[in-house]
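Beneath this line is the structure, given in structure tokens, with notes to follow.
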Amino acid sequence: MVAFHIFAIKWLHFMGQEPRRDVFQAIADPTRRAILSLLMCHAMTPNALAQHFESSRQAVSKHVNLLTECGLLKQEQSGREIYYHLNKRKMKEIDQWLKPFRKLWETRFSQLDDVLNKLKD
């Protein structure tokens with residue numbers, strides 16, 4: 001399966017197409033995670049987002065574009081303004097992928113609690 005994935009990426013590069021960005025690489029960056037957090041409450045324009053960061057508006061715009069390419073953000077035109085908001089469906093896909101790992105962590109933490117409680121007694 002991994003070999004097929006590598007082949008597909010090489011084929012897309014050969015054909016002059018960029019493969020779709022990896023969601024997990026996108027959320028690995030703290031600035032992009034901060035942007036996602038800001039958009040949890042309501043949609044925002046690029047200028048409104050940029051006000052929350054010390055970096056330039058262009059730098060924030062690059063982060064927003066990458067998040068959009070990954071499908072984590074959606075654009076909505078309202079007059080001359082573009083508003084970005086979370087793509088809840090894509091966020092749900094990430095949550096579903098993480099679900100088995102979350103169960104594993106919870107089980108291990110529970111086991112650790114049991115061991116620590118036995119050591120206390």
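Throughout, read-outs are computed from the coordinates displayed, never taken from laboratory work. Note that the coordinates shown come from a computational prediction; the quantities given were computed from them, not determined experimentally. Because the Cβ atoms are built from the backbone with ideal geometry, glycine has one as well, and the counts that use them run over all protein chains shown.
Rundown of residues vs (1) part of a loop (DSSP other than H, G, I, E, B); (2) in contact (Cβ under 8 Å) with a residue 24 or more places away in the chain; (3) of a type in the set (A, V, I, L, M, F, W, C), yes/no style:
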{"site": "Ala48", "(1), (2), (3)": "no, no, yes"}
{"site": "Glu54", "(1), (2), (3)": "yes, no, no"}
{"site": "Val60", "(1), (2), (3)": "no, yes, yes"}
{"site": "Val64", "(1), (2), (3)": "no, yes, yes"}
{"site": "Thr68", "(1), (2), (3)": "no, no, no"}
{"site": "Gly71", "(1), (2), (3)": "yes, yes, no"}
{"site": "Ile82", "(1), (2), (3)": "no, yes, yes"}
{"site": "Arg89", "(1), (2), (3)": "no, no, no"}
{"site": "Lys92", "(1), (2), (3)": "no, no, no"}
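Is it the case, given these coordinates, that Ile94 is touching a helix residue (DSSP H, G or I) at 6+ places or on another chain (Cβ under 7 Å) and either surrounded by fewer than 15 Cβ atoms within 10 Å (Cβ to Cβ) or farther than 22 Å from Arg21 by Cα (or both)?
When the stated conditions are applied, Ile94 passes them.
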task = Select from the stretch 36-46 the residues that are touching a strand residue (DSSP E or B) at 6+ places or on another chain (Cβ under 8 Å) and without any contact (Cβ under 8 Å) to a residue 40 or more places away in the chain and list them in ascending order.
result = Leu38, Thr45, Pro46
Failed condition for Glu76, given (1) farther than 14 Å from Leu36 by Cβ; (2) among the charged types (D, E, K, R); (3) not in a strand (DSSP E or B) = (3)
Verdict on Gln111 being more than 16 Å from Ile27 (Cβ to Cβ), touching a Phe, Trp or Tyr at 6+ places or on another chain (Cβ under 8 Å) and without any contact (Cβ under 8 Å) to a residue 12 or more places away in the chain = no
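Yes or no: the stretch 58-72 includes at least one residue that is within 15 Å of Lys88 (Cβ to Cβ), polar (S, T, N, Q), surrounded by fewer than 16 Cβ atoms within 10 Å (Cβ to Cβ) and under 12 Å from the mean Cα position of the chain (by Cα).
no
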